[in-house]
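Everything on this sheet refers to the single structure shown next.
The values are calculated or read from the model by the stated rules, or taken from the named source; none is laboratory data. These numbers come from a predicted model, not from an experiment. Ideal geometry is used to build each Cβ from the backbone, glycine not excepted, and the neighbour counts take in all protein chains shown. Just the protein is used for accessible areas: all its heavy atoms, side chains included, with ligands, DNA and RNA removed. Shrake-Rupley method; radii C 1.70, N 1.55, O 1.52, S 1.80 Å.
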Amino acid sequence: RDSLPVSGRILVVEDQRANAEMMAGILQARGYQVLIAPGGEAALEEIRASSPDLVVSDILMPGMDGYELCRRLRAQAPTELLPVILVTSLEANDERVKGLEAGADDFLSKPVNWEELFARVRSLLRIKRLQDEIRNLNAKLEERVRAQVAELEQLGRLKRFFSRQVAEAIVAGGEEILRPHRRE
């Protein structure tokens, strides 16, 4: 099961078109949907427009570099947990620390070891899917809590006018239970 890709939409951010197309092609061959952005600003626009599941970004780019892209993603609630892999041809150890401090989830050195990239992509997409499930479950839980609080507030208001048993019957059955007893 781990050898199968976790489906997902990946944004490749790379200013060198040939490198971007090569990485996109290799990821597409593994079954991923791939988008390409030629730099940091374009990446932010693409992220807003298409909500990718993972970003693979070069570090050295004109304008906004990969570190700044990562910092901006971490500073916004909708993208603070978006997985980011930074890729560079610079000295790996120095860049790795900078990348992690900027909020990157993982780091790869050029030339890219494709099997290592695939393993990291699978791992981060699995984590992203689990985070999304938790976020959805939390939203459902919050909605249920709101509904139950509203029910309790309604029960509290009804208890001022009716006995506890009648108030609970009204909440359980809705106001329809009172319809036969209302005066015209």
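Structure notes:
- Of the residues A150, T88, A119, the one whose Cα sits farthest toward the positive end of the charge dipole of the chain, with +1 on the Cβ of Lys and Arg and -1 on the Cβ of Asp and Glu, is A150.
- Extension gain from A77 to R30, taking 0.36 nm per residue of separation minus the Cα-Cα distance: 13.9 nm
- Every helix of 4 or more DSSP H residues in the chain counts as -39500 (n - 2.57), and over all residues that averages to -18000 deg cm²/dmol at 222 nm.
- Hypothetical label at A139: residues of region 44-60 whose amide nitrogen lies under 15 Å (7 Å Cα-Cβ projection): 51-52
- Volume per residue of the C-alpha convex hull in the chain, rounded to whole Å³: 192 Å³
- Split the chain at each of the chymotrypsin sites (Phe, Trp or Tyr not before Pro) in a DSSP loop with at most 16 other beta carbon atoms within 10 Å, and the longest piece is 1-160.
- All lysines inside 18 Å of K98 as judged from Cα atoms, apart from same-chain residues fewer than 8 positions distant: K110
- Here's the picture: a label point sits 7 Å out from the Cα of S51 along the beta-carbon direction, and within region 131-166 the residues with their amide nitrogen under 15 Å of it are 131-140.
- Cα shape, region 76-140, gyration tensor, a/c 1.5 rule: oblate
- Cα gyration tensor category, rounded, prolate or oblate, for region 20-127 with a/c compared to 1.5: rounded
- If only the Cβ of Lys and Arg carry +1 and only the Cβ of Asp and Glu carry -1, the dipole of region 76-160 around its Cα centre is close to 680 debye.
- For K110, K159, the ranking by accessible surface with the largest value first comes to K159, K110, using a 1.4 Å probe.
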